[in-house]
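Only one structure is covered here, and it is reproduced in the block below.
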């Protein structure tokens, strides 16, 4: 009873919010406070904007991941979708002016292709998503290794890619942040205002029921995977613009963080439940965590351990499946 | 008559994997410059056995309808640990081996506890614990190095009576000591039942939690045996992220080739062993046919993709379209 009266006194927007999202935002505040103990500049606007810019690459990738997780599936082909997008965009740039113009669409197109293979496997062949996406990841890696000869490619990013990742269209606001905001807004619109979004949540809750209510569930799953592949590749394009070239294992560092960001933001790993606001919180949380660990000069080993432990701990707090009865 | 038909139906996946392996191996040895000699068999066995152990580990978890994406990382972690501990005098070496196996067991038990008692999804939980195990491995071996008791290593990677590869003998012993008792025990049956239909198993009073926990724990142990053998082959410990990942990936490929159903409840570790040996031999075929090694990752990826797509043939047997959505 006391819980209910307590909830009754809280402002409406807090009562309606998902506890997971609130926890994630609370963790962000805690991280900022901890970080400011280490360094004065941690709370300065320049630093925070810089963090937001770094977060936007993860944000774009996590957006696609969220779409797939909402379906109750998972996309483990992120690492080489990112790398393939980056490498193919840079490769296209080597083919004269038209190549330069088409570099970004071509990179995204390659990611969409990987996503479509995933989608066909999951939706039409009914292969478990973690298996087929692992397999396409291996194939994409194989293709890229054959293409690059096992080294990081020499082609560099185009001016447009660099501008998207590092430029300032609006003074003071990095372009990458604007792109993330646009993609995020589009995602929120799709999830909350379109039939496709309803279908995604419906399939995540119970695919059978969604199918029986007349949704072409297989097409929805297919489109979601294609979108996830495309967004991963676009994240790769942006990263290539940021570093001004593509690298072999550039995507490896994005698989675990993108899943973690989505799950920490309160999206159920079983699908059907979650909001984009939570994913935004998860992305910022992960980026700040990474930033603090690097300010503390934590070696890679420690970072991996802390990642794993934090994810398991947060999941145990609110990501548990119901007990079997 | 009925018994033998039942047995045949149950072992179909395993026998198919055995068949694929034999065909691949015959093609391999008949095109190998040295031909079918004890040396060629020994090298092939040593390479295959590593994956066979990891694939056995994956099988145990897959049977329960779960998946362990941290097997490759347990394999790496125990490799790094063994490069510190399995050295020196015989007693010290023996203690080291026991310690390495114990660590593998604990890693598996942690996975099991998180998945079963923490009720988390196996995919995410084992990706996360895999990151932790990799981190610990990297702490132990920031740079490749270390050493191992070379007498023991040479004995276990050499040949028995000059003919039979010792690693195959160890593999057989592990199958007899771990897999056969487990699959015939109540816990093993419970693991199968949990994978087949968790609700039905729960309703019938099968100890599904203990069965699944035993499966995850033994998976950790088997992965650590693999890690131990990796140390015996390389004499060093190395925490290479890509290598751990590819072992996880290949273990799934081997399991699928070995006729173990990814939906759980069907298949055996013996099938997975032949799947692993077949997968390794397919990789080596590129070598005897003088392909550019650059093509190897693509080739292995395509095999994996084809292998997992084979499961889609079950769709043709679906009578009611609602069965698409399990």
Margin query: Out of B:63, B:74, I need the residue that is farther than 23 Å from residue B:241 by Cα, more than 10 Å from every other protein chain (Cβ to nearest Cβ) and in contact with a helix residue (DSSP H, G or I) (Cβ under 7 Å, 6 or more places away or on another chain). Which one?
Written below: B:63
Check: Within the stretch A:146-163, is there a residue that is at pLDDT 90 or above and crowded, with 17+ Cβ neighbours inside 10 Å?
Finding: no
Notebook entry, point to check: Of these, B:223, B:242, B:200, which one is buried (at least 23 other Cβ atoms within 10 Å of the Cβ) and either within 22 Å of residue B:112 (Cβ to Cβ) or in contact with a helix residue (DSSP H, G or I) (Cβ under 9 Å, 6 or more places away or on another chain) (or both)?
Noted result: B:223
Next item on the list: Assess whether residue A:209 counts as being part of a helix (DSSP H, G or I), surrounded by fewer than 18 Cβ atoms within 10 Å (Cβ to Cβ) and under 14 Å from the mean Cα position of the chain (by Cα).
Entry: no
Notebook entry, point to check: With (1) surrounded by fewer than 22 Cβ atoms within 10 Å (Cβ to Cβ); (2) at pLDDT 95 or above as the list, and residue B:74 as the residue in question, which single condition is left unmet?
Noted result: (1)
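Say we look at the stretch B:121-141 and pick out the residues that are within 16 Å of residue B:242 (Cβ to Cβ) and touching a residue at least 12 places away in the same chain (Cβ under 8 Å); which of these is farthest from the other protein chains (Cβ to nearest Cβ)?
In this case the residue turns out to be B:141.
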Next item on the list: Exactly one condition in (1) closer than 24 Å to residue A:113 by Cα; (2) within 14 Å of chain B (Cβ to nearest Cβ); (3) assigned to a helix (DSSP H, G or I) is not met by residue A:235; state its number.
Entry: (2)
Margin query: residue A:241 - would you say it is more than 11 Å from chain B (Cβ to nearest Cβ), buried (at least 23 other Cβ atoms within 10 Å of the Cβ) and not in a helix (DSSP H, G or I)?
Written below: no
Note to self: Taking the conditions exactly as written (more than 29 Å from residue A:144 (Cα to Cα), touching a residue at least 24 places away in the same chain (Cβ under 8 Å) and more than 8 Å from chain B (Cβ to nearest Cβ)), does residue A:284 satisfy them or not?
What the structure shows: yes
Notebook entry, point to check: Any idea how many residues of the stretch B:224-247 are touching a residue at least 24 places away in the same chain (Cβ under 8 Å) and either within 13 Å of chain A (Cβ to nearest Cβ) or not in a helix (DSSP H, G or I) (or both)?
Noted result: 12
Check: What are the residues in the stretch B:267-290 that are surrounded by fewer than 24 Cβ atoms within 10 Å (Cβ to Cβ) and within 14 Å of chain A (Cβ to nearest Cβ), if any?
Finding: B:282, B:283, B:286
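Conditions tested, residue by residue: (1) under 12 Å from the mean Cα position of the chain (by Cα); (2) modelled with pLDDT of 90 or more.
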| residue | (1), (2) |
| --- | --- |
| A:217 | no, yes |
| A:228 | yes, yes |
| A:250 | no, no |
| A:255 | yes, no |
| A:261 | yes, yes |
| A:265 | yes, no |
| A:277 | no, yes |
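Is it true that residue B:13 is buried (at least 17 other Cβ atoms within 10 Å of the Cβ) and either farther than 13 Å from residue B:288 by Cα or touching a residue at least 60 places away in the same chain (Cβ under 8 Å) (or both)?
Yes, satisfied.
From the list A:99, A:64, A:121, A:142, which one is at pLDDT 90 or above, assigned to a helix (DSSP H, G or I) and more than 10 Å from chain B (Cβ to nearest Cβ)?
Just a single option satisfies the conditions, and that option is A:64.
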Note to self: Out of A:200, A:262, I need the residue that is in contact (Cβ under 8 Å) with a residue 60 or more places away in the chain and within 12 Å of chain B (Cβ to nearest Cβ). Which one?
What the structure shows: A:262
Margin query: Suppose we keep only residues that are closer than 21 Å to residue B:239 by Cα and part of a helix (DSSP H, G or I) within the stretch B:142-163. Which one would you say is farthest from the other protein chains (Cβ to nearest Cβ)?
Written below: B:150
Note to self: Taking the condition of being more than 18 Å from the chain's Cα centre (by Cα), more than 9 Å from chain B (Cβ to nearest Cβ) and either part of a helix (DSSP H, G or I) or within 22 Å of residue A:203 (Cβ to Cβ) (or both), how many residues in the stretch A:287-313 meet it?
What the structure shows: 5
Check: Before we move on, is residue B:250 within 14 Å of chain A (Cβ to nearest Cβ) and in contact (Cβ under 8 Å) with a residue 12 or more places away in the chain?
Finding: yes
Margin query: Here is a list: B:24, B:56. Which entry is within 21 Å of residue B:224 (Cα to Cα) and part of a helix (DSSP H, G or I)?
Written below: B:56
Note to self: Could you tell me how many of the residues in the stretch A:265-281 are within 13 Å of chain B (Cβ to nearest Cβ) and part of a helix (DSSP H, G or I)?
What the structure shows: 0
Next item on the list: Name the residue, out of B:98, B:103, B:49, B:87, that is at pLDDT 90 or above and either under 30 Å from residue A:311 (Cα atoms) or not in a helix (DSSP H, G or I) (or both).
Entry: B:103
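The values are calculated or read from the model by the stated rules, or taken from the named source; none is laboratory data. Because the structure is a prediction, the values reported are computed rather than measured. Note that we place each Cβ from the backbone using ideal geometry, even for glycine, and neighbour counts take in every protein chain shown.
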